[in-house]
Amino acid sequence: MFGLDKKDASLLLIVAVLVAFAPFFLNPFPEGSAMAQFNAGYPDLMQRFVIFGIFAIGFNILFGLTGYLSFGHAAFLGVGSYAAVWMFKLLSMNVVPAIVLAVITAGVFALIIGYVSLRRSGIYFSILTLAFAQMSFALAYSVLTPITGGETGLQLALDDPRIFGAATTAEGNIPVPGFFGLEMRDSTELVFGNWVFTFNVGYYFAAIIMLISFYLSIRIFRSPFGMMLRAIKSNQQRLNYTGLNPRPYTLAAFVISGMYAGLAGGLMASMDPLAGAERMFWTASGEVVLMTILGGVGTLIGPVLGAGLIKYMENIISKINSDILHSWFAFLPDGLEDVVVTLIYPFIGKGWHLTLGIVFMLVVIFLPGGLVQGGQKIAALFGRKKAKEPKNATTEPAE
Amino acid sequence: MSKGNLTRRGVLKTGAVAGAGLALPTYLSAAGHEGFTNAPTGSTVTLGFNVPQSGPYADEGADELRAYELAVEHLNGEGDGGMLNTFSSKALDGTGILGKKVEYVTGDTQTKSDAARASAKSMIEKDGAVMITGGSSSGVAVAVQALCQEAGVIFMAGLTHSNDTTGKDKRANGFRHFFNSYMSGAALAPVLAANYGTDRKAYHLTADYNWGYTTEEAVKSSTEAMGWETVGTVLTPLTQTDFSSYITPVLQSDADVLVLNHYGGNMVNSLTNAVQFGLRDRIVNGKQFEIVVPLYSRLMAKGAGANVKGIFGSTNWHWSLQDEGSKAFVQSFGTKYGFPPSQAAHTCYVQALLYADAVQRAGSFAPCAVVEALEGFEFDGMGNGPTLYRAEDHQCFKDVLVVKGKENPSSEFDLLEIVEVTPVDQVTYAPDHPQFAGGALGTCNNGA
């Protein structure tokens, strides 16, 4: 269907089902239980899962297919966010123009940076993109403060023009972003005994866009264009000798991937109308590289899994504090409890980076193909049929 | 083809049908709607403490968290009660807030607006926090304040000194107890004039972000008002660690005062560089060269070591204050943790208590009721003398301390000495003062 072969179609179908029922998968523990700490089914985090999924899918089109490692992709995400917030300030609180402008701006930006950076390859390309991203960050942080809001970030205000919409709500507050009246932060809750499942408009909006992006990425992977990008990755010199100029292809891949980042940025601003400069900082660029490698470079589903894992750790592990640890191990004798808590403490709370680092090292050493390879290995252990592989891999993000 | 349509429809179905049809009745009953976000239903109420646990302000964040834990103890009637005994409002009785036991969740702002908002959002959406407090940077405070306004919970700002927090970025659901750049300038200027004279030439080094800008503006306008001349202002990147290249031009100018609009590690490095370059031994225009640091904190003084001796600055509160409130707080903090609290700890502790008290007096956790109870609230016994929470901009007005690096510190905590307690009248400004212009409070938001 949709011009996909059977395997890809079933992958898309699985992702769609997972995304649609994520509020259930991500809230497996009843409210009030000790394990409720690990529930990830609240709107903000679910939105982040799919938005960073889009970001990583886009990054993978460049890195996974052409092998060009961009170390400045966060700049496009940031530019997209700023563009979207400006649309909210000037035009209206409808997310459609905001997202459209975010994608276009990021695309233009990527075209300029890509045109310069793609004259080099390998480490020089990485450093060039890193330099451009850091430059954008520095500009946004201080020099361009009137446009970007500087350190505080670009925010909505009551006196923004918003020419096609109300500048303020009836109660005198700043209106919230919506899709033709459907507010992004509206949620309904489904209660089964102690289980609470939250269905959020913004999440499903972002999820639908994510599915479309995922579909497009499959099409790109399977197209002749995708084939050409793979040829560039395997041996660019050979391609030159056959009389083909690879640069238009790499530039196209770079711009597409930049537009994906812009889309993610626009969506982020739509869910939460604020754009901060740190979004463009080099660590943010590094994060998307981590996501892609963690999930599996060059695989379709890998980057989405990687994005989910990193965002889960950032938001869930980092919120466990020593009091919570003590309550978990309260059943142990006093002395032993303290020892166990002391041992675990460096890995939780502010130490979540440490845990992430360890997970990353383990993945890179033992599963060079990322989580997807892990899924394949598990599938090989249990199943006889190879066709089941992606299915196993896709169950990972639900944790 | 049809299969594909089904899945997409499936997505929509889950959102629309399951949501609207099935969940709405249960949703209404489950939240026990009292008409505001996260209305506490059980026997407990959850507060969200959102502080920097990593990044440049992690020290302040750790101290803030200690203060919050102490405040929760006192609110729940454990410990010695601290400032509850000296607080002028006696609504709180140590049985939690409105009889509900106080519980809390913590998060890491990383001193980044995005991370801080993500953390605050998870507190609101996942943990059901009815109030968010904390933060150690103005950028974060402004970002989280805007979020709380949208979500319909109360935000009690922690350490944030920029004018914007209660200036152009003020929000109806946000409150600040800490002082601001304008107050620093207004309090410092007379002391500087008395000590250094009124015909000085000042050179500013300013951290290149919002707080730096507002502080520079505040100090510049207050000192110029009493006759000083500003010969140069230079912006330095926030990530700068070596300020040598910025100090050299100061030597070449004819300035005789250097104002360092830096905070945290920035200030420690720039001050150390300035002293190493021998600025303080220079004589310019026949006058001794001086250095001024508008915003001081004990943690910074500790970092800069002997270099802070004799250098003027301003601070919100200092543990050596001798009023009853300060003594009670230092006492219970010291007993629990073994060292005196910082000004960040103080402002956070006070904010937690003020919120609890406002809820108690209002008889409701509803943000609009709390806003009403806090607006124009006058109180005493919290370490800063009589204090007013001004209704127009939700800023606290109280005395400001001008401090000086101590020449002969008696311990590692005894680094600053109080030079003057600037009375509140001298630092009060009109709500529409140019440095605070733009922006509007809006109306309070109860959320869902």
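Being surrounded by fewer than 24 Cβ atoms within 10 Å (Cβ to Cβ) and assigned to a helix (DSSP H, G or I) is the filter here, so list the residues in the stretch B:156-188 that pass it.
B:ALA186
What are the pairs, 6+ residues apart or on separate chains, where a residue within the stretch B:116-130 that is closer than 18 Å to A:ASN27 by Cβ and not assigned by TED's automatic domain parsing to the domain that holds B:VAL102 has its Cβ under 9 Å from a residue that is part of a helix (DSSP H, G or I) and of a type in the set (Phe, Trp, Tyr)?
Pairs found: none.
I'd like to check something: does the stretch B:410-420 contain any residue that is within 18 Å of the chain's Cα centre (by Cα), more than 14 Å from chain A (Cβ to nearest Cβ) and buried (at least 17 other Cβ atoms within 10 Å of the Cβ)?
no
Please verify whether B:LYS336 is in a helix (DSSP H, G or I), surrounded by fewer than 18 Cβ atoms within 10 Å (Cβ to Cβ) and not assigned by TED's automatic domain parsing to the domain that holds B:ALA189, treating the condition exactly as stated.
Yes; evaluated as a whole, the condition is true for this residue.
Looking at A:SER285, A:SER270, can you tell me which residue is more than 9 Å from chain B (Cβ to nearest Cβ), over 25 Å from A:ASN39 (Cα atoms) and crowded, with 23+ Cβ neighbours inside 10 Å?
After applying the criteria, what remains is A:SER285.
Are any residues in the stretch A:312-346 away from every other protein chain (no Cβ under 14 Å) and either closer than 26 Å to B:GLU125 by Cβ or β-branched (Val, Ile, Thr) (or both), and if so, which ones?
Correct list: A:TRP328, A:VAL339, A:VAL340, A:VAL341, A:THR342, A:ILE344.
Restricting attention to the stretch B:433-444, and to residues there that are surrounded by fewer than 17 Cβ atoms within 10 Å (Cβ to Cβ) and more than 14 Å from every other protein chain (Cβ to nearest Cβ), which single residue is nearest to B:ASN316 (Cα to Cα)?
Looking at the filtered set, the residue picked out is B:HIS433.
Checking the conditions here, which among A:PHE2, A:PHE38, A:PHE21 is within 14 Å of chain B (Cβ to nearest Cβ), aromatic (Phe, Trp, Tyr), surrounded by fewer than 24 Cβ atoms within 10 Å (Cβ to Cβ) and free of Cβ contacts under 8 Å to residues at least 12 places away in the same chain?
Going through A:PHE2, A:PHE38, A:PHE21 in turn, the sole match is A:PHE21.
Is it the case that the stretch A:150-164 has a residue that's hydroxyl-bearing (Ser, Thr, Tyr) and either over 26 Å from A:LEU91 (Cβ atoms) or out of contact with any helix residue (DSSP H, G or I) (no Cβ under 7 Å at 6 or more places or on another chain) (or both)?
no
Please specify each residue of the stretch B:315-333 satisfying the condition of being touching a Pro at 6+ places or on another chain (Cβ under 6 Å) and modelled with pLDDT of 95 or more.
B:VAL330, B:PHE333
Which of the helices (runs of 4 or more DSSP H) contained wholly in the stretch A:283-369 include at least 1 residues that are modelled with pLDDT under 85 and within 26 Å of the chain's Cα centre (by Cα)?
A:352-366
Filter the stretch B:125-155 down to the residues that are surrounded by fewer than 24 Cβ atoms within 10 Å (Cβ to Cβ) and more than 9 Å from chain A (Cβ to nearest Cβ) and list them by number.
If the condition is that a residue be surrounded by fewer than 24 Cβ atoms within 10 Å (Cβ to Cβ) and more than 9 Å from chain A (Cβ to nearest Cβ), then B:GLY128, B:GLY152 are the ones that fit.
Would you mention how many residues in the stretch B:351-363 are without any contact (Cβ under 8 Å) to a residue 40 or more places away in the chain and either of a type in the set (S, T, N, Q) or touching a Leu at 6+ places or on another chain (Cβ under 8 Å) (or both)?
The total comes to 1.
Can you confirm whether the stretch A:233-242 contains a residue that is crowded, with 21+ Cβ neighbours inside 10 Å, touching a helix residue (DSSP H, G or I) at 6+ places or on another chain (Cβ under 7 Å), in a helix (DSSP H, G or I) and in contact (Cβ under 8 Å) with a residue 40 or more places away in the chain?
No: the stretch A:233-242 contains no residue that is crowded, with 21+ Cβ neighbours inside 10 Å, touching a helix residue (DSSP H, G or I) at 6+ places or on another chain (Cβ under 7 Å), in a helix (DSSP H, G or I) and in contact (Cβ under 8 Å) with a residue 40 or more places away in the chain.
Determine if the stretch B:298-317 includes at least one residue that is part of a strand (DSSP E or B), among the aromatic types (Phe, Trp, Tyr), in contact with a strand residue (DSSP E or B) (Cβ under 6 Å, 6 or more places away or on another chain) and surrounded by 20 or more Cβ atoms within 10 Å (Cβ to Cβ).
Yes, the stretch B:298-317 contains at least one residue that is part of a strand (DSSP E or B), among the aromatic types (Phe, Trp, Tyr), in contact with a strand residue (DSSP E or B) (Cβ under 6 Å, 6 or more places away or on another chain) and surrounded by 20 or more Cβ atoms within 10 Å (Cβ to Cβ).
Hey, can you tell me all the residues within the stretch B:139-150 that are at pLDDT 90 or above and either of a type in the set (Gly, Ala, Ser) or within 12 Å of B:MET123 (Cβ to Cβ) (or both)?
Once the filter is applied, which keeps residues that are at pLDDT 90 or above and either of a type in the set (Gly, Ala, Ser) or within 12 Å of B:MET123 (Cβ to Cβ) (or both), the stretch B:139-150 yields B:ALA141, B:ALA143, B:VAL144, B:ALA146, B:LEU147, B:CYS148.
Pairs, please: C-beta under 9 Å, at least 6 apart or cross-chain, first residue touching a residue at least 24 places away in the same chain (Cβ under 8 Å) and in the stretch A:176-200, second surrounded by fewer than 18 Cβ atoms within 10 Å (Cβ to Cβ) and assigned to a strand (DSSP E or B)?
Within 9 Å, the pairs are A:VAL176/A:GLU183; A:PRO177/A:GLU183; A:PHE197/A:VAL191.
So, in the stretch B:365-382, how many residues would count as being assigned to a loop (DSSP other than H, G, I, E, B) and either without any contact (Cβ under 8 Å) to a residue 40 or more places away in the chain or among the hydrophobic types (A, V, I, L, M, F, W, C) (or both)?
6
Name the single residue, out of those in the stretch B:385-400 being crowded, with 23+ Cβ neighbours inside 10 Å and among the hydrophobic types (A, V, I, L, M, F, W, C), that is farthest from B:PHE312 (Cα to Cα).
Taking the candidates together, the pick is B:CYS396.
Exactly one condition in (1) part of a helix (DSSP H, G or I); (2) more than 10 Å from chain A (Cβ to nearest Cβ) is not met by B:LEU92; state its number.
Here B:LEU92 meets the rest and fails (1).
So A:GLY349 fits all but one of (1) over 26 Å from A:ILE310 (Cβ atoms); (2) touching a residue at least 12 places away in the same chain (Cβ under 8 Å); (3) of a type in the set (Gly, Ala, Ser); what number is the exception?
(1)
Checking B:ASP114 against (1) in a helix (DSSP H, G or I); (2) more than 8 Å from chain A (Cβ to nearest Cβ); (3) surrounded by fewer than 24 Cβ atoms within 10 Å (Cβ to Cβ), which test does it fail?
(2)
Which one is nearest to B:GLU375 (Cα to Cα) among residues in the stretch B:386-433 that are among the small types (Gly, Ala, Ser) and assigned to a loop (DSSP other than H, G, I, E, B)?
So, considering only residues that are among the small types (Gly, Ala, Ser) and assigned to a loop (DSSP other than H, G, I, E, B), the one nearest to B:GLU375 (Cα to Cα) is B:ALA391.
Of all the residues that make up the stretch B:45-79, how many are touching a strand residue (DSSP E or B) at 6+ places or on another chain (Cβ under 7 Å) and in a helix (DSSP H, G or I)?
Number of matching residues: 6.
Out of the residues in the stretch B:189-223 that are part of a loop (DSSP other than H, G, I, E, B) and either of a type outside the set (Val, Ile, Thr) or modelled with pLDDT of 95 or more (or both), state the one that is surrounded by the fewest Cβ atoms within 10 Å (Cβ to Cβ).
Applying the filter and picking the extreme gives B:ASP199.
Pick out, from the stretch A:85-201, the helices (runs of 4 or more DSSP H) lying fully within it that include 1 or more residues that are within 11 Å of chain B (Cβ to nearest Cβ).
Hits in the stretch A:85-201: A:122-138, A:145-148.
Starting from residues that are part of a strand (DSSP E or B) and of a type in the set (S, T, N, Q), keep the ones in the stretch B:240-297 and report whichever is nearest to the chain's Cα centre (by Cα).
Per the criteria, the residue is B:ASN261.
The values are calculated or read from the model by the stated rules, or taken from the named source; none is laboratory data. Note that this is a predicted model, so its numbers are computed, not measured. Here Cβ is always computed from backbone atoms with ideal geometry, including for glycine, and neighbour counts include all displayed protein chains.
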